[in-house]
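The values are calculated or read from the model by the stated rules, or taken from the named source; none is laboratory data. In this text the structure is predicted, and so the values were computed from the model without any measurement. Reconstructed Cβ throughout: ideal geometry from the backbone, glycine too, with neighbour counts over all protein chains shown. Ligands, DNA and RNA are stripped out before the accessible areas are found, and what is left, the full protein with its side chains, is counted by its heavy atoms. Shrake-Rupley method; radii C 1.70, N 1.55, O 1.52, S 1.80 Å.
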Amino acid sequence: MLKNITKLAFCLGLVNGTFVVCSQQKNNNVLNRNEQYNFLSENELHNLMKKHKNLSILNRKQTEHILSLIRDTNADIVSFRKNADRLIRILMEQALCQIEKKKYVKQSPLGLYEANEVKYDDEEICIVSILRSGNAFLNEGLKVICGASIGQILIQRNEETSMPKYYFEKLPEDINQQQIILVDPMLASGGSASMALQLLLNKGVKQENIIFLTLVSCEQGLNKVFQQFPNIKIITAQVDPILLKDINYLAPGIGDFGDRYFGTIKKNTHPIKV
Amino acid sequence: MFKNLLRIGVSLSLFNSTYVLCKQIKDEKLPHYHFLNDQDLNKLLKKHQNLSIIDRTYTEHILSIIRDVETDTVEFRKSSDRLIRILIEQAISQIEKKKHVKQSPLGYYDAHEVKFEDEEICFVSILRSGNAFLFEGLKAVSGASIGQILIQRNEDTALPSYLFQKLPSNIKDQQVILMDPMLATGNSATLALRILKNQGVKQENVTFLTLVSCEQGIDKLFREFPKIKIITAQVDPILLKDFNYLAPGIGNFGDRYFGTIKKSQQSVQQQ
């Protein structure tokens with residue numbers, strides 16, 4: 001009786017052992033199939049900033065954690081939105097700090113002090129979003145600058161040719177006199193951004209009055225935009241190393257920001273677009 | 001010396017009074033609109049079972065600030081957000097509920113909770129003005145999906161033209177809350193509802209939210225889609241035929257909320 005039980009236990013142990021070994025093997029294979037992307041080093045980022053004077057990359061310490069949560073393919077929609085909003089808020093504050101300031105003397109409860117305040121009223125700042133993903137920035141944007149005007153440009157990327165197509169625009173009438181903050185979460189090939197910037201220039205906006213905000217970008221996109229529009233300012237949270245040529249997506253990137261923020265795609269159909 | 005002062009005083013007061021009189025005469029040229037009384041509203045509610053008009057005491061004050069031509073952008077946005085929040089809470093309250101039994105710190109109680117998870121609710125906004133509803137919508141239902149349909153009204157013909165849509169792929173299984181601030185002729189709303197129908201959405205799962213509407217618009221929608229629900233904050237008495245704007249209305253909600261038109265140009269528009 002005891003012998004039989006020990007034999008049974010031994011067999012079960014063998015079966016279990018082989019199962020564990022096999023699943024580990026399978027896991028290893030899966031990991032090897034996914035590409036491992038490494039981010040750019042500090043040196044490379046420095047070189048990029050020296051090359052383009054008007055480029056600002058946010059401090060890595062501020063953005064590492066939040067971006068990591070956003071990139072995670074398992075993030076559910078609520079936490080994706082929360083973290084995206086946090087990062088967008090940081091970008092917005094950075095944009096505001098780069099707008100021209102005026103000096104006054106003001107009075108604090110204890111005495112006079114030198115006041116450096118933004119030169120423009122809320123209403124003279126215009127947030128232009130590139131629909132559809134850019135609209136995600138408006139939520140936080142309006143919290144920071146309550147009285148800002150909002151303009152919208154609808155540009156959709158044709159998924160086959162990767163060429164941007166212009167559909168529609170609604171911009172304030174006096175936009176050529178305003179400080180513009182152009183927003184779009186991703187800067188990949190730079191096609192949509194260039195189209196939007198050209199549209200703004202056609203309306204009479206000066207390049208020095210434009211700040212372009214984006215979450216992740218890549219070197220090719222930055223080069224292209226600065227080549228055509230050298231006087232705009234660009235603020236990005238992180239620069240990704242690779243632009244996948246066939247599909248023009250950034251890697252590791254965020255995937256399709258619009259679909260993830262607005263929930264137009266189910267989570268389990270996400271995985272790996274490669 | 002004293003006589004001169006007196007003369008100056010008299011002429012100043014004459015100037016002042018003529019100015020006030022002239023201003024009053026100018027103001028009389030603007031039409032004065034009265035709202036529907038409670039009886040008319042009750043008749044409308046009886047005629048359409050699926051229509052809800054939010055209680056006047058809730059909305060009078062806020063709507064008055066929104067309608068005011070003197071309101072600046074910040075105040076307009078704050079008040080619109082308040083009203084939109086009220087509408088969205090009302091919409092969610094009309095979604096089907098399920099009964100559970102749950103435990104409170106002192107004992108069991110009957111729990112009536114919304115039957116669907118956050119992700120099964122979808123806000124569909126009719127760009128561009130409908131986007132204003134999304135800010136408050138996401139605060140109320142953080143996990144909702146968002147769909148967008150771009151319909152622009154051609155200013156000459158007043159007919160809507162469909163430009164673009166981005167809807168969740170599983171929208172036919174979801175509870176849809178369609179949003180557009182104004183319901184005038186009902187043409188844009190009808191176009192949007194037809195698009196939803198083509199995607200397989202059932203009428204019973206659609207709730208249409210709007211700030212101000214008018215009888216013609218409501219009639220038109222219910223004739224073609226009798227099973228949807230409509231929730232509106234107030235019903236305005238008149239639809240101006242030439243421009244198809246509501247009167248007194250709000251003006252162009254999108255331009256006022258997004259600040260694409262300066263305040264000083266707003267009063268001219270309404271004439």
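Quick notes on this structure:
- Total residues in the range B:138-165, condition within 10 Å of chain A (Cβ to nearest Cβ) and out of contact with any strand residue (DSSP E or B) (no Cβ under 9 Å at 6 or more places or on another chain): 2
- Residues of the range A:157-177 that are among the aromatic types (Phe, Trp, Tyr), at the interface with chain B (Cβ under 7 Å from one of its Cβ atoms) and open to solvent by 70 Å² or more (accessible area, probe 1.4 Å): A:TYR167 alone.
- Considered as a group, the residues in the range A:223-250 that are touching a helix residue (DSSP H, G or I) at 6+ places or on another chain (Cβ under 7 Å) and touching a residue at least 60 places away in the same chain (Cβ under 8 Å) include one that is surrounded by the fewest Cβ atoms within 10 Å (Cβ to Cβ), and that residue is A:ASN231.
- Extreme residue, farthest from the other protein chains (Cβ to nearest Cβ), among residues of the range B:107-128 that are modelled with pLDDT of 90 or more and over 14 Å from B:ILE95 (Cα atoms): B:ILE126
- Residue ID - modelled with the lowest pLDDT, chosen from residues in the range A:187-203 that are assigned to a loop (DSSP other than H, G, I, E, B) and open to solvent by 20 Å² or more (accessible area, probe 1.4 Å): A:SER189
- Exclusive hit being open to solvent by 50 Å² or more (accessible area, probe 1.4 Å) and within 11 Å of another protein chain (Cβ to nearest Cβ), set B:LYS78, B:LYS47, B:LYS97, B:LYS102: B:LYS78
The rows are residues; the columns are (1) surrounded by fewer than 22 Cβ atoms within 10 Å (Cβ to Cβ); (2) more than 25 Å from B:VAL74 (Cα to Cα).
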residue: A:ASN83; (1), (2): yes, yes
residue: A:ARG86; (1), (2): yes, no
residue: A:LEU91; (1), (2): no, no
residue: A:CYS97; (1), (2): yes, no
residue: A:LYS101; (1), (2): yes, no
residue: A:VAL105; (1), (2): yes, yes
residue: A:ASP122; (1), (2): yes, no
residue: A:GLY134; (1), (2): no, no
residue: A:LEU138; (1), (2): yes, no
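- Residue within the range A:148-156 that is within 14 Å of chain B (Cβ to nearest Cβ), of a type outside the set (S, T, N, Q) and surrounded by fewer than 17 Cβ atoms within 10 Å (Cβ to Cβ) present: no
- Qualifying residue in the range B:56-64 (condition: of a type in the set (S, T, N, Q), at pLDDT 85 or above, out of contact with any Lys or Arg (no Cβ under 8 Å at 6 or more places or on another chain) and open to solvent by 100 Å² or more (accessible area, probe 1.4 Å)): no
Table: residues versus (1) farther than 18 Å from A:ILE210 by Cβ; (2) among the hydroxyl-bearing types (Ser, Thr, Tyr).
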residue	(1), (2)
A:LEU96	no, no
A:TYR113	yes, yes
A:GLU124	no, no
A:ASN135	yes, no
A:LEU138	no, no
A:GLY151	no, no
A:LEU154	yes, no
A:GLU159	yes, no
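- One residue alone among B:HIS112, B:HIS34 is under 30 Å from B:PRO181 (Cβ atoms) and open to solvent by 100 Å² or more (accessible area, probe 1.4 Å), and that residue is B:HIS34.
- The range A:144-186 holds strands (runs of 3 or more DSSP E) entirely within its bounds, and those carrying 1 or more residues that are out of contact with any helix residue (DSSP H, G or I) (no Cβ under 6 Å at 6 or more places or on another chain), of a type outside the set (Ser, Thr, Tyr) and farther than 13 Å from A:LEU197 by Cβ map to A:149-157, A:164-170.
- Filter pass, A:LEU138 being within 10 Å of another protein chain (Cβ to nearest Cβ), under 17 Å from the mean Cα position of the chain (by Cα) and in a helix (DSSP H, G or I): yes
- Selection status of B:LEU183, within 10 Å of chain A (Cβ to nearest Cβ) and either within 15 Å of B:ILE92 (Cβ to Cβ) or in contact with a Ser or Thr (Cβ under 8 Å, 6 or more places away or on another chain) (or both): no
- Options B:ARG67, B:ARG85: the member that is away from chain A (no Cβ under 14 Å), under 30 Å from B:LYS227 (Cβ atoms), of a type in the set (Lys, Arg) and crowded, with 16+ Cβ neighbours inside 10 Å: B:ARG85
- Criterion applied to B:GLY147, B:GLY143, B:GLY130 was being under 14 Å from the mean Cα position of the chain (by Cα) and under 22 Å from B:LYS166 (Cβ atoms), and the one residue passing it is B:GLY130.
- Taking the range B:150-267 as the region of interest, the helices (runs of 4 or more DSSP H) fully inside it that hold 3 or more residues being over 23 Å from A:TYR261 (Cβ atoms) and open to solvent by 30 Å² or more (accessible area, probe 1.4 Å) are B:187-198, B:215-224.
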